[in-house]
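Before any comments, here is the structure.
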Amino acid sequence: MQNRLQTAGMLALLAVSASLAAQDPDFRAVLDEAREISYHAHWREAQALLDDLAPSIDQAELREYADFQLLQARHYVLDDRTEEGLAVAEALLERALDPDQRVQALQFRANIAVLLRRYEAAFESLSEAIRIQAELDDPEASIATLNMAAYMLGRVGEYDLGADYGEHALSLARETERPREACIALQRLAPVYKWAERPADAERTYREGIRECASVDNDLFVGVHQYGLADLLRREDRADEALPLAEQAIAALADAVYTLGEYEARMIRAEILLDLAQLDADWRDELDRLKDFFAKRSLWDQSARLALLQTELAEAGGDFEAALMHLRAHNEAREAFLGRERAMRLAYLQVEFDSRFQRQQIELLRESTRAAQLEVKATRQQRRLRTFGWLLVGLVVSGLISLLYRAFRSRRRFIELSRHDGLSGLANHTWFFEHAQAMLDDAKVGSQQGRQIVLIAADIDHFKTVNDRFGHRVGDSVLGRTARRLREVFPDDALVGRIGGEEFAVLLSVGHIDDAVACLETFRRSGSDAVRANDPTVTVSFGLSCARGDDDIHSLRNRADAALYRAKQAGRDRIEVDAGCYRETTDTDSSVNTTG
C-alpha cells in the first residue's frame, strides 16, 4: 500500500510541477495536493511542491499563504529542524489570520513548544486555542485542540482531565466519521493512560491506534503507536512481545524520515534487549549514537534512561568504575529533566492562575461598574445611599488590591519553589550550578586578592544502607539533618545546595583553604550531638577544590569530585583536598586529608 501511495504521489507531483512551469500557480489546488501527499505518501514529495510554490507564495491570498507556512513548518519538524518550525509558526501568528487558521497555528506552536520543553509558550497557546475554538463550528479543529489538551494535561499529571479531553476528541472523530483524526486522537490518548498507570486501557488504545492508522495509510503514526506499545509491554515484563513492535516502529519511522521518533524507538529497543540479556558490546556504537543525539537536543529524559541502561550494562560486565560514571550521568540528566518537568508544571499553574485572576478582575470591574451605577442612583434618591455606594466602591478596590498582593506573592512563591529542593530547603541542582557560575564570574572581575574560592563536594556514606535498613522516612530525616548542619557551620554568604540524592555541594570564599577545612571539622564534631535516639549514625565524605583563573564551575566540580572519590576509596568519613589548593598559597605540591 505504501509503495502504491508513493507512486501515486510521484505522478501527482510530476503533473503539478508541469502545471506550475507552464503558468501561474493555482495556489489552492497545489496546496491541497501537497497536503494530501504529505499525510498519505511521503512529506519529502510534498516538500518538492512547496519548493516550486515558494518563489511566488508572497503573491497568494493570506489563507493560501498560511496553509503553505503551516505545511512547511510541519516538514521542518519531521526533518529534525524543530526550531525552524517553531519560528515559522510564531511569525505566522503575528499576522491577522482567520480564527480557524489561527487555531491551527496555535495548535502547532503548542505541540512544538512541548517538544522543545518551552512549556509556558505551550500552555499559553493551548489556552488561546481553547478560547477561540469555542467560537468556531469546525469538528476537525475541535478534535485537534482536544488532542493537544489531552496530551499536555497528561504531561503535567492532570490524568483524569487529560483522559476526558482525549476521550472527547476520539468520540467526536468517530461521530463525524473522520478516521484520520481518530488515528491521531488514539495516539494522544494512549500515553495519558500509560502515565496514569492504567496499562490495560493504554494497551487497548495503542492497538486500536495501530489498526486505525493503518486503515488510513498513516505509516508514521503506526510507527509512533508501535513504539509506545513496545515501551508499555516492556514495563509490563513482556519483552518478547515488545521487541518485534520496536523493530517495526524503527523501520516505519525511518521510512517516514521522522528522526526524533526513530531515535526514541531505538532507545526503547535497547532497553528491551537489555531485559532479554541480548545487549552486548556489538551495540556500543548504537548507544553512542543515541547519547550524542539526545545530548545535542537536550532531551534529558531520554539521556537519563540511556545512562541508567549503560550503568546496568557496565555493572553486569563487572566494570564498576564505568558504572559509577554512567550513574552520575544518569543523576545529572534526571535532575535536569526534573527541573524541566517542574518548569512545565509551574507553567501550567501560572497559566491557570493567570486565567483565574483575569476572570476575577473582570468580575471586580463589573462590580465596580455596578457600584458606580448604584452611586448615581443613590445621589438621585438620598444622601445616605450615596455614602453606602462609596463604601461599596472602597470595598471593591480593597478586594482588588488584596487579590493583586496575593497574585504577586504567589508568583514569588512559584519562583522560590523552582529554585530550592523541597526536602532540604537548600538550592537545587539547577539553581546551585547557575548561581555558582555567577559567583565565579563575579570573583574574576571583583576584588578577591588574597582569598580563595572553594568548592566542597559532600556525599553521605552508605546512604543506601540507611534507606534499606531503616526505611525512606528515616533516610529523609538524615538528609534534612545533614542539610541543616551544613547550613549552620558555613558563613551566611556561602552557597549550599543539594545536587543529587545524597550529594551536597558548598561554594564559599575563604582567606585560606584551612578555613574551609575548619568548618568541615566543626560539622563532623557536631554529628553525634544532632542524632536523636534510635536514629542511625551516619558519616560524610568530602572533596575540596580551589578555583583557578581559567576555571568554570564544571572544571572546578570535576576536581572536587575527584577529591571526593579519593575520600571514598580511602575508607570514607574523610576530607580530601585537591593538591592545587595548597600550590596556590605555598607553591608546594601537597595533598592533605583528614579522617575521623
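We did not get these values from a lab; they are worked out from the coordinates using the rules stated. Please read all numbers here as calculations on a predicted model, not as lab measurements. Neighbour counts run over all protein chains shown; Cβ positions are idealised from the backbone, glycine included.
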Inter-probe distance in nm under a simple model that places probes 7 Å from Cα toward Cβ, at Thr522 and Arg35: 7.0 nm
Qualifying lysines (Cα of each under 28 Å from Cα of Lys194; at least 8 residues distant if same chain): Lys291, Lys296
Shape category assigned to the range 138-217 from the gyration tensor of Cα positions, a/c cut at 1.5: oblate
Extended-chain gain in nm, criterion 0.36 nm per residue less alpha-carbon gap, Glu488 and Ala438: 15.7 nm
Using a Förster distance of 41 Å, the FRET efficiency for Ala570-Asp201 (Cβ separation, nearest 0.05): 0.15
Sequence-distant aspartates and glutamates (8 or more away, or on other chains) whose Cα lies within less than 16 Å of Lys568: Glu321, Asp459, Asp461, Glu502, Glu503, Glu576, Asp578
FRET efficiency estimate (nearest 0.05) - Cβ-Cβ, Glu241 to Glu128, R0 35 angstrom: 0.25
Separation in nanometres of the label points that stand 7 Å from Cα toward Cβ, at Arg473 and Glu61: 7.0 nm
Spin-label pair Ile401/Ala295, simplified geometry with 7 Å Cα→Cβ offset, distance in nm: 5.7 nm
Rounded Å value of the spacing that divides the Cα centres of the range 92-153 and the range 160-181: 16 Å
